[in-house]
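Just below is one structure, and these are the notes that go with it.
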Amino acid sequence: MSAFLALLRRDLVLSYRQGIDAWVVVLFFLAAGILFPFAIGPLPDALMRVSTGVVLSMAALAALLSLDRLYQGDFEDGSLDQMVLGPLPLELTALAKALAHWLSTGLPLLIAAPLLALMLNAPSASYGPMLLALALATPALSLLGGLGAALTLGSRRGGILLTLLILPLYVPVLIFAAGIIRRSQLLAGDPTGALLLLCGLDLGLLAITPWATAAALRQAVR
Amino acid sequence: MTGLSLDNIALERGERRIASGISARVAAGEALLLQGPNGSGKSTLLRVIAGLLPAAEGAIAWDGADVARDREAHRARLCHLGHQDALKAGLTAQENLAFWASFHGGGRDAEAALKIFGLARLADRPARTLSAGQKRRLALSRLALSTAPLWLLDEPVTALDTEARAAFIALLQRHLAAGGLAIIATHEPLAIAARVLQLGAAS
């Protein structure tokens with residue numbers, strides 16, 4: 001457990017010191033989102049209708065930005081060898097890295113989301129469901145992203161490959177997250193189904209991705 | 001048979017056979033130097049012994065038992081120092097060492113380990129500002145934190161000055177005297193009593 005916390009703490013300290021990474025993610029999230037009002041035009045109705053969807057998809061894209069560095073640094077400087085040889089099961093190492101990614105990327109996105117929703121003129125009733133959906137969706141993005149980062153480790157153009165590999169896997173997460181928001185806004189709509197599906201997806205990923213990521217990491221250091 | 005034994009190991013890198021028929025025994029308190037030209041498989045052999053890479057052929061045994069049977073126990077008994085220093089540029093020297101100390105759960109004192117290679121003065125400097133030799137000294141300080149009996153060292157003295165070399169030799173001798181084992185890939189002569197395993201040229 002102390003090794004898990006030591007790794008988590010190290011990654012958070014590093015991302016805090018190289019603060020630029022976390023800021024780039026949030027700034028990309030806001031800057032890319034703000035393109036939509038210009039592209040769609042000034043009709044407030046049209047913008048309102050797509051607003052939460054834009055927030056969700058921009059969050060998914062922004063979460064991708066910092067992923068290619070998740071294991072790359074440790075791979076290049078030899079730290080990954082030490083992690084594979086360390087006493088902490090590699091599955092827990094993968095979990096610690098995904099958790100660190102969520103805390104340094106998912107959480108800032110969650111905090112910045114209301115600001116982007118405001119700029120997109122999102123309906124006021126959608127803020128709560130949107131934040132709930134994001135809070136449940138971003139851990140899934142980090143877990144899947146960690147797996148993608150491990151799989152593309154050491155390959156040339158890994159960043160592009162990672163994007164192509166992971167974006168299709170993000171689709172179910174987005175569908176359920178959007179379901180939560182849509183159902184909450186319907187009169188007599190009940191988001192419980194989508195909510196439970198997204199929770200189930202999170203738990204499923206929590207059970208599977210650390211093992212798959214660890215297997216990919218073992219291959220990467222060979 | 002106590003200690004480590006390599007039995008007819010063959011090494012492959014990228015599906016190409018780079019060495020075969022490597023057999024050796026290292027008993028407690030002994031050091032084995034791996035020598036040979038570039039590309040002869042010294043680093044690969046160390047990675048195979050560490051379990052990072054599978055051997056193409058042959059078996060590795062510890063106290064007579066195949067290490068493949070209990071990987072976890074094998075990992076716990078070894079300390080591998082590769083080409084790379086495994087340091088984070090954004091952390092200070094002290095933080096780097098303290099991280100590995102708590103990651104490996106040794107409970108050894110990172111402050112004391114820094115002193116061995118004369119790094120106490122540099123403890124608060126970020127690793128990115130250290131010279132190549134200082135980084136190597138910091139990486140070697142990891143050995144002082146380790147309680148593992150088997151040291152696998154890949155070119156440990158590269159970029160070290162004479163003072164740091166002497167400190168390394170003293171640390172190594174203390175490890176061997178305490179019943180430790182060391183397998184060291186090196187191009188340079190080390191002032192310790194050790195057997196030499198010559199690896200052939202890449203064909």
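What does a probe at B:ASP66 reach in the stretch B:153-184, counting residues whose amide N is under 13 Å from the point 7 Å along Cα→Cβ?
Correct set: none at all.
Based solely on its DSSP helices, what 222 nm [θ] is calculated for chain A when runs of n ≥ 4 H residues each add -39,500 (n - 2.57) and the sum is averaged over all residues, nearest 500 deg cm²/dmol? If you can, show how the numbers build up before the last one.
Details: 11 runs with 177 residues, N = 222.
For chain A, the value works out to -26500 deg cm²/dmol.
For labels at A:LEU27 and A:LEU203 in the simple 7 Å Cα→Cβ model, what's the distance in nm?
Placing both labels 7 Å beyond Cα along the Cβ direction yields 4.1 nm.
Summing -39500 (n - 2.57) over the DSSP H runs of n ≥ 4 in chain B and dividing by its residue number, what mean residue ellipticity at 222 nm do you reach, to the nearest 500 deg cm²/dmol?
So the helix-based figure for chain B works out to -9500 deg cm²/dmol.
Taking the Cα centre as origin and putting +1 on Lys and Arg beta-carbons and -1 on Asp and Glu beta-carbons, what dipole magnitude results for the protein assembly as shown, to the nearest 20 debye?
On the way: 35 positive and 30 negative charges, 72 e Å.
So the magnitude is around 340 debye.
When the Kirkwood radius is taken over all Cα pairs of the protein assembly as shown, what Stokes-Einstein diffusion coefficient follows at 37 °C and 0.692 mPa s, in µm²/s?
Numbers: Rh = 23.8 Å.
Rounded, D is 138 µm²/s.
Out of all DSSP beta bridges with both ends in the protein assembly as shown, state the antiparallel percent to the nearest 5. Write out the running numbers ahead of the final one.
Details: 15 of 32 bridges.
Around 45 percent antiparallel, to the nearest 5.
Let me confirm one metric for peptide A:75-84, namely the mean number of other chain beta-carbon atoms within 10 Å of its residues' beta-carbons. Walk me through the numbers before you get to the answer.
Working: counts 1, 1, 9, 10, 9, 3, 9, 10, 2, 5.
Counting other chains' Cβ atoms within 10 Å and averaging over A:75-84 gives 6.
Assuming R0 = 45 Å, what is the FRET efficiency of B:ALA170 and A:THR192, from their Cβ-Cβ distance, to the nearest 0.05? Each step should come with its number before you reach the end.
Working: r = 68 Å, r/R0 = 1.50.
Approximately 0.10, to the nearest 0.05.
Can you tell me which of B:LEU145, B:LEU114, B:LEU160 moves the most in a GNM of chain B? Springs connect C-alpha atoms under 10 Å apart.
B:LEU160
At A:VAL171 and B:ALA191, where each label point lies 7 Å from the Cα along Cα→Cβ, what is the point-to-point distance in nanometres?
6.8 nm
Can you give the FRET efficiency for A:ILE40 and A:TYR16, using 1/(1 + (r/R0)^6), R0 = 35 Å, r = Cβ-Cβ distance, to the nearest 0.05?
On the way: r = 36 Å, r/R0 = 1.03.
Computed FRET efficiency for A:ILE40 and A:TYR16: 0.45.
Give the average, rounded to an integer, of partner chain Cβ atoms located within 10 angstrom of each Cβ in B:80-89. The partial results should precede the final answer.
Details: counts 5, 3, 5, 2, 8, 3, 8, 3, 9, 5.
Per-residue shielding by partner chains comes out at 5.
For Cα pairs less than 8 Å apart in space and 6+ apart in sequence, what is the mean separation divided by the residue count of chain A, i.e. the relative contact order in percent?
Numbers: 256 pairs, mean separation 58.9, N = 222.
It comes to 27 percent, rounded to a whole number.
How well do other chains shield peptide A:8-16, expressed as the mean number of their Cβ atoms within 10 Å of each residue Cβ?
Numbers: counts 0, 3, 10, 1, 0, 5, 5, 1, 1.
The mean count of partner-chain Cβ atoms within 10 Å per residue comes to 3.
Where in the stretch B:43-65 does the amide nitrogen come within less than 20 Å of the point 7 Å from the Cα of B:THR158, taken along Cα to Cβ?
Once the point is set 7 Å along Cα→Cβ of B:THR158, B:43-53 turn out to lie under 20 Å by backbone N, inside the stretch B:43-65.
Give me the one-decimal nm value for the distance between modelled label points at A:GLU76 and A:PHE4, 7 Å along each residue's Cα-to-Cβ direction.
It works out to 3.0 nm between the two label points.
Coordinate-derived values only; no laboratory data. Every value quoted in this text rests on a predicted model; they were computed, and no experiment measured them. All Cβ positions, even for glycine, are placed from backbone atoms using ideal geometry, and neighbour counts span all protein chains on display.
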